[in-house]
Amino acid sequence: MSTESSRVINFGAGPSALPDSVLEEATKGLLNFDNTGIGIAEISHRSPEFTSYLSTVEALIRSQLSVPSTHSILFTQGGGTAQFSAVVLNLLARHWLLFPDLKDEQRGLDYVLTGTWSKSAHQEGLRLAGRHQVNVAADGRIYSKDSKSFDIIPPHESFKFSENPALIYYCENETVNGVQFKHDTESVGSEGKHIEGTFPFHLLPQGTLVPLVGDYSSSFMSRPIPRLADHAVIYAGAQKNIGPAGLTILIVRNDCIVDVDAAAALGAQPVPLTMAYKTLADGKSVYNTPPMLSIYISGLVLKRNAELGGVQYYEAVNRRKMQKVYDALREGEEKGLFRGHVQHGSESWMNVVFVILGDGKEKAFLKGAEERGMTGIKGHRSVGGIRVSLYNAVTEEQTDKLVAYMREFIASQ
């Protein structure tokens, strides 16, 4: 049996699919990285060959996302979850340095709640905030169909940002719930009105370098990032669109790379060394051993992306993939067989979440998918139903096979 014929189609939410050609190339590097005679899992992280490769990976990200010189690209461990803590500690330290005379209760953290991951980030903010204020700038649950689920991006009028927060956090795509901010770089329609469902950049505090934090873990490199330069921090775990689990990519505005020990001397909470952005920046992401295999494979993916046309290429492909799946979902809804979880206008390109109505029909759908070589479509335990993840490595041909099966299943009921 060939490698290709033995591999299933992976629609899993993460760790997710990787291109076959990249995996084949990666096996060579496991034995002999860059003609060193040493495998990537064995070579020193401070060797000239690896540090040169790391610079190449950084350059590939910078060029494809048009990252300006005002921002540094850093590589670390711990996934997006570790950044729930790191952004709080680093940006509170920055706030102490900028405003040393404020009282604790005058420092605040703003969170936009749109799903499971932003809720988790908010909970970690509450843990670490101490006497600082934690503000919910907007909460999608208020506008949900049942007033308790996450199924919509809240309307612009509901956003209430603090005047001078230490950070403003949002999650661009909610993997579990299938909710995503609309992709519109200007967020203004033809009539000059701000488009609902986009992030309300126009409502952010004015006149300062806004401490905006974007969690892009499940949509990074799938399409351009709107107003990237206006963010203080963008971070993403690699295991959705870039590479294997273990690597976290940070894009940090340089004014947010601060001396956390100087801030601690003023009263800020001490920051663990490996969580401090200054440690990562000063150490050129090799202060300690980074996840080298994940970085290596991510670099291979990014090289392939560049050859295909970068994020502009994937934006076009992902738009087609998403539209095909949602078209089939709507057909199932018209038949009373499927029900989408997310309200119209807030649907994710990356994670399509829906339920199958009728006793035993979800089980039958999952069984049929498995028989056809499709895996990873069972919904998250907290939401249930079906979740189809359409990350970059899921091809349009593979998506077409899923859509054909969805329509076959609809017709058979």
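Values computed for the structure shown
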{"read-out": "Qualifying position, being touching a Phe, Trp or Tyr at 6+ places or on another chain (Cβ under 8 Å) and aromatic (Phe, Trp, Tyr), among Tyr313, Tyr296", "value": "Tyr296"}
{"read-out": "Any hit, the range 229-248, residues being open to solvent by 10 Å² or more (accessible area, probe 1.4 Å), without any contact (Cβ under 8 Å) to a residue 12 or more places away in the chain and either in contact with a helix residue (DSSP H, G or I) (Cβ under 6 Å, 6 or more places away or on another chain) or among the basic types (Lys, Arg) (or both)", "value": "no"}
{"read-out": "Residue satisfying all of: in the range 292-310; buried (at least 21 other Cβ atoms within 10 Å of the Cβ) and under 19 Å from the mean Cα position of the chain (by Cα); farthest from His45 (Cα to Cα) among these", "value": "Asn305"}
{"read-out": "Strands (runs of 3 or more DSSP E) wholly inside the range 57-163 containing at least 2 residues that are surrounded by 17 or more Cβ atoms within 10 Å (Cβ to Cβ) and without any contact (Cβ under 8 Å) to a residue 40 or more places away in the chain", "value": "133-139"}
{"read-out": "Conditions (1) assigned to a helix (DSSP H, G or I); (2) surrounded by fewer than 19 Cβ atoms within 10 Å (Cβ to Cβ): number failed by His344", "value": "(1)"}
{"read-out": "Any hit, the range 46-53, residues being at pLDDT 95 or above, part of a helix (DSSP H, G or I), touching a Gly at 6+ places or on another chain (Cβ under 9 Å) and among the polar types (S, T, N, Q)", "value": "no"}
{"read-out": "Enumeration of residues in the range 265-288 that are open to solvent by 30 Å² or more (accessible area, probe 1.4 Å) and more than 24 Å from His231 (Cβ to Cβ)", "value": "Ala265, Leu266, Gly267, Pro270, Leu273, Asn288"}
{"read-out": "Among the candidates Pro19, Pro48, Pro15, residue that is open to solvent by 30 Å² or more (accessible area, probe 1.4 Å), in contact (Cβ under 8 Å) with a residue 24 or more places away in the chain and either farther than 30 Å from Ala138 by Cβ or in contact with a Lys or Arg (Cβ under 6 Å, 6 or more places away or on another chain) (or both)", "value": "Pro15"}
{"read-out": "Test: residue in the range 141-156 that is within 15 Å of Ala232 (Cβ to Cβ) and more than 17 Å from the chain's Cα centre (by Cα)", "value": "no"}
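The values are calculated or read from the model by the stated rules, or taken from the named source; none is laboratory data. Just so you know, these numbers come straight off a predicted model, no measurement behind them. FYI the Cβ positions are ideal-geometry reconstructions off the backbone, even for glycines, and counts take in every protein chain you see. Just the protein is used for accessible areas: all its heavy atoms, side chains included, with ligands, DNA and RNA removed. Shrake-Rupley method; radii C 1.70, N 1.55, O 1.52, S 1.80 Å.
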